[in-house]
Amino acid sequence: MATIKPFKGIRPPKALVEQVSSRPYDVLNSEEARTEAAGNPMSLYHIIKPEIDFAPGTDEHDERVYNKARANFDMFRRNGWLVQDEEEKYYVYAQTMEGRTQYGLVVAAYVDDYMEGRIKKHELTRKDKEEDRMKHVRVNNANMEPVFFAYPHRDDLDAIVSEIVKGEPEYDFTAAPEGFRHTFWLINDKAVIKRITEIFAQIPSMYIADGHHRSAAAALVGNECRQQNPNHKGDEEYNYFLAVCFPDNQLNIIDYNRVVKDLNGMSDEQFLKRLEEDFTVEKKGREIYKPQALHNFSLYLGGEWYSLTAKPGRYNDSDPIGVLDVTISSNLILDKILDLRDLRTNKRIDFVGGIRGLGELKRRVDSGEMRMALALYPVTMQQIIDIADSGNIMPPKTTWFEPKLRSGLVIHELI
């Protein structure tokens with residue numbers, strides 16, 4: 001069962017939240033962060049991407065960079081740009097994108113729930129990325145950015161959140177450059193806090209939607225702290241880490257698409273002929289064609305859009321991995337026809353989040369940078385849950401959740 005607790009969040013004053021908050025560290029590179037933070041000493045990028053305070057080209061993994069993160073965190077607190085709440089709270093965080101709002105509860109999640117598999121993952125993590133985030137947590141003694149969890153929706157939690165959001169929010173702003181609205185409420189009522197904790201204790205599992213490396217790093221650092229503390233009791237703050245938990249029926253997963261540099265020596269006509277072995281291929285013309293359902297794909301090649309529908313018998317509906325469109329396209333197109341296997345490292349392929357639109361696929365092919373593009377129908381939250389429950393791992397570059405969590409609305413300290 002899920003164990004959570006309230007915590008004394010470290011947050012920007014209401015008047016400064018737009019200046020302090022930022023996009024997550026892993027959705028932009030150092031130069032993009034440098035540009036976004038230009039002229040704004042309060043930007044959280046100075047803590048989560050502190051290489052921007054060094055000369056361009058400085059290695060973001062340099063020890064000086066990690067130490068600068070801590071120096072900036074201390075400076076933000078001295079200057080009053082970040083202030084700690086006096087009492088433990090939960091928080092409600094709402095995100096609005098294109099008229100649709102999802103409501104998450106901001107909590108301190110339990111390290112043991114991650115270590116023992118009650119917080120379930122669907123992606124592999126890379127040790128180098130884990131270690132990077134672990135260093136960042138260690139040096140700051142805090143979880144600067146939340147992880148994004150889903151939980152099986154419950155009417156009783158929905159009812160509590162519905163009452164809370166009738167009140168005046170602490171923060172309410174629309175963030176540039178995405179244009180998404182972020183709204184944030186404090187939960188001060190101790191009876192409500194107690195009830196939320198009790199309800200989560202009835203939830204068997206939570207699921208990592210986004211932030212697998214942050215989850216791993218936070219849990220591993222918490223476990224380190226236990227081992228290093230001879231007086232460890234179990235109620236210390238390092239036993240918990242920062243998470244925003246959304247009901248599974250509110251989440252929006254969008255497509256995660258592929259662009260490929262070459263056709264493995266084939267002409268367009270030869271490639272299309274090979275596709276006909278496993279797909280029903282329909283030419284759609286020059287207007288953008290979007291996949292219409294699971295097992296239907298959109299191909300852009302030679303200035304034309306095509307519909308590809310996987311033929312019956314080419315996939316296994318009873319296999320939670322085999323039924324995924326990312327698996328079907330990898331097996332029947334990228335591997336079988338194009339000889340593209342290790343998608344994590346192969347330089348012939350790139351991946352484009354659906355937030356950029358299918359026009360971005362067209363642009364990259366028309367520019368000559370890429371030879372063809374493949375758009376996939378998005379996976380469902382139920383597919384993610386089924387895979388996580390079965391102990392399987394999704395293929396790489398399968399899920400893209402949007403909107404992303406805004407960083408800097410609240411921070412969790414480990415002491």
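Numbers below:
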{"read-out": "For A209, distant residues with modelled amide H under 5 Å away", "value": "F148, F149, A150"}
{"read-out": "Built amide H within the under 5 Å cut-off of F297, gap 5+", "value": "L308, T309, A310"}
{"read-out": "Relative contact order for the range 256-377, counting Cα pairs under 8 Å that sit 6 or more residues apart, in percent", "value": "43"}
{"read-out": "Over the range 1-127, relative contact order from alpha-carbon pairs under 8 Å, at least 6 apart, %", "value": "35"}
{"read-out": "Label-point separation in nm, N316 to Q292, each point 7 Å along Cα→Cβ", "value": "2.9"}
{"read-out": "Evaluated at q = 0.21 Å⁻¹: base-10 log I(q)/I(0), Debye formula over Cα of the range 256-377", "value": "-1.32"}
{"read-out": "Members of K362/K397; K121/K283; K127/K194; K261/K283 lying beyond 28 Å, as alpha-carbon distances in this model show", "value": "K121/K283; K127/K194"}
{"read-out": "Relative contact order computed over the range 80-149 (Cα-Cα under 8 Å; 6+ residues apart), in percent", "value": "15"}
{"read-out": "Mean ellipticity per residue at 222 nm, deg cm²/dmol - from DSSP H runs of n ≥ 4 across the chain, formula -39500 (n - 2.57)", "value": "-8500 deg cm²/dmol"}
{"read-out": "Note, ³J(HN,Hα) from phi for the range 234-241, Karplus 6.51, -1.76, 1.60, rounded to Hz, x at Gly and Pro", "value": "x, 9, 5, 5, 5, 7, 9, 9"}
{"read-out": "Per-residue Cβ neighbour rank within 10 angstrom, fewest leading, I47, I333, I253", "value": "I253, I333, I47"}
{"read-out": "15 Å tail of the calculated P(r), the range 174-251, as % of Cα pairs", "value": "74"}
{"read-out": "Cα gyration tensor category, rounded, prolate or oblate, for the chain with a/c compared to 1.5", "value": "prolate"}
{"read-out": "Cβ-defined net charge surrounding L332, 11 Å radius [Lys, Arg +1; Asp, Glu -1]", "value": "0"}
{"read-out": "Within a Gaussian network of the chain (alpha carbon springs, distance under 10 Å), most fluctuating of N252, N140, N229", "value": "N229"}
{"read-out": "Most mobile of L263, L82, L44 in a GNM of the chain (Cα contacts under 10 Å)", "value": "L263"}
{"read-out": "Among D113, D268, D53, residue whose mean-square fluctuation peaks in a GNM of the chain (springs only between Cα atoms under 10 Å)", "value": "D268"}
{"read-out": "Gained length - S162 relative to Q228, 0.36 nm times residue gap less alpha-carbon distance", "value": "19.6 nm"}
{"read-out": "Out-of-range pairs (alpha-carbon distance over 22 Å; input K129/K347; K273/K336; K129/K233)", "value": "K129/K233"}
{"read-out": "Cleavage-rule hits (trypsin sites (Lys or Arg not before Pro)) in the range 137-193: DSSP loop, at most 13 neighbouring Cβ within 10 angstrom", "value": "K166"}
{"read-out": "Cα centroid separation, the range 177-252 to the range 375-415 (Å)", "value": "15"}
{"read-out": "Computed label-point distance, nm, for sites N252 and A71 using a 7 Å Cα→Cβ extension", "value": "4.1"}
{"read-out": "Charge context of E145, other residues only, Cβ under 13 angstrom, K/R +1, D/E -1", "value": "+3"}
{"read-out": "Neighbour net charge for V281 - beta-carbon separation under 14 angstrom, K R +1, D E -1", "value": "-1"}
{"read-out": "Pairwise label distance in nanometres, D128 with K190, each label 7 Å out on the Cα-Cβ vector", "value": "5.0"}
{"read-out": "Whether the range 26-82 is rounded, prolate or oblate, judged on the alpha carbon gyration tensor where a/c under 1.5 counts as rounded", "value": "oblate"}
{"read-out": "Ranking of E86, E282 by count of other Cβ atoms within 10 Å, fewest first", "value": "E86, E282"}
{"read-out": "Integer Hz, Karplus 6.51/-1.76/1.60 couplings in order for the range 395-402, x for Gly and Pro", "value": "x, x, 6, 9, 10, 9, 8, 8"}
{"read-out": "Computed P(r) (all Cα pairs; the range 331-415; 10 Å bins; percent)", "value": "13, 33, 34, 15, 5, 0"}
{"read-out": "FRET E, pair I415, A15, Förster distance 22 Å, beta-carbon r, rounded to 0.05", "value": "0.20"}
{"read-out": "Taking V165, V92, V147 and counting other C-beta atoms within 10 Å, the order from fewest to most", "value": "V165, V92, V147"}
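Only the coordinates and a few stated rules stand behind these numbers; no lab work does. Values in this document were obtained by computation on a predicted structure and should not be read as measured data. So basically every Cβ, Gly included, is an ideal-geometry build from the backbone, and we count neighbours across all protein chains shown.
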